[in-house]
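Student: Okay, handing you the structure first.
Every number in this text was worked out from the coordinates using simple rules, so none of it is lab data. All of these numbers come straight from a predicted model, not from anything done at the bench. For neighbour counting, all protein chains shown are included, and Cβ atoms are generated from backbone atoms with ideal geometry for every residue, glycine included.
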């Protein structure tokens, strides 16, 4: 906690819910979180879940045809964010699902914001135990292309992300 920013318990709860993939009814599966964003609280002392910035599994296919594109479009143009994305992808051998931690720090964000988000990143990463993949992006062109995400997930062995070929 180099910045002194704490991680709210609600953020840890969301992470734990996303991490555990338990068997459930189709209705419960629709309520699982596909992607979620986290931001600093107004007083800049805590990392909290950003209001209204969540994609549920039930939205995918019904109101959202491309969850990754929708997620990228949700990122603010002029401020930093942390995010978790539950990515479904295929390799040459099998189909997989992994959580990806994303650190979004656009070039247009104020310097003070970039500094506090960067210095608080370790605090949130320590709470997200078991995350294998991390993606840092500084502009939408870095992240909008699925191949950037595929590189983080395994590079050339990844053949599709979210059911769409690379």
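Student: Using a Förster distance of 22 angstrom, determine the FRET efficiency expected from the C-beta separation of residue 107 and residue 69, and round it to 0.05.
Tutor: Efficiency, rounded to the nearest 0.05: 0.60.
Student: (i) 10.3; (ii) 9.7; (iii) 11.6: which one is mean projected area of the Cα convex hull in nm² as calculated from this entry?
Tutor: Computed from these coordinates, mean projected area of the Cα convex hull in nm² corresponds to label (ii).
Student: For the chain, what relative contact order do you get, as a whole percent, if you take Cα pairs closer than 8 Å and at least 6 residues apart? Provide the component values of the computation, followed by the final result.
Tutor: Values: 270 pairs, mean separation 38.1, N = 166.
Dividing the mean separation by the residue count of the chain yields 23 percent.
Student: Among the DSSP beta bridges whose two residues both lie in the chain, what percent are antiparallel, rounded to the nearest 5? The partial results should precede the final answer.
Tutor: Working: 25 of 33 bridges.
So the antiparallel bridges amount to about 75 percent of the total.
Student: Taking 8 Å as the Cα distance limit and 6 or more residues as the minimum spacing, I'd like the relative contact order of the stretch 12-86 as a percentage.
Tutor: 35 percent
Student: I need the shape label for the stretch 85-139. Rule: rounded when a/c is under 1.5, else prolate if a/b > b/c, else oblate, with a, b, c from the alpha carbon gyration tensor.
Tutor: Numbers: a/c = 4.55, a/b = 1.90, b/c = 2.40.
Note, shape of the stretch 85-139 comes out oblate.
Student: What FRET efficiency would be calculated for the residue pair residue 42, residue 125, taking the C-beta separation as r and a Förster radius of 25 Å, to the nearest 0.05?
Tutor: My answer for the efficiency is 0.65.
Student: Sticking with this one: Figure the gain on full extension for residue 118 and residue 133 (residue separation times 0.36 nm, minus the Cα-Cα span) and round it to one decimal in nm. Numbers along the way, then the final one.
Tutor: Details: separation 15, 0.36 × 15 = 5.40 nm, distance 1.73 nm.
Computed gain between residue 118 and residue 133 is 3.7 nm.
Student: How high is the FRET efficiency between residue 27 and residue 144 when r is their beta carbon distance and R₀ equals 22 Å, given to the nearest 0.05?
Tutor: With a Förster radius of 22 Å, E is 0.10.
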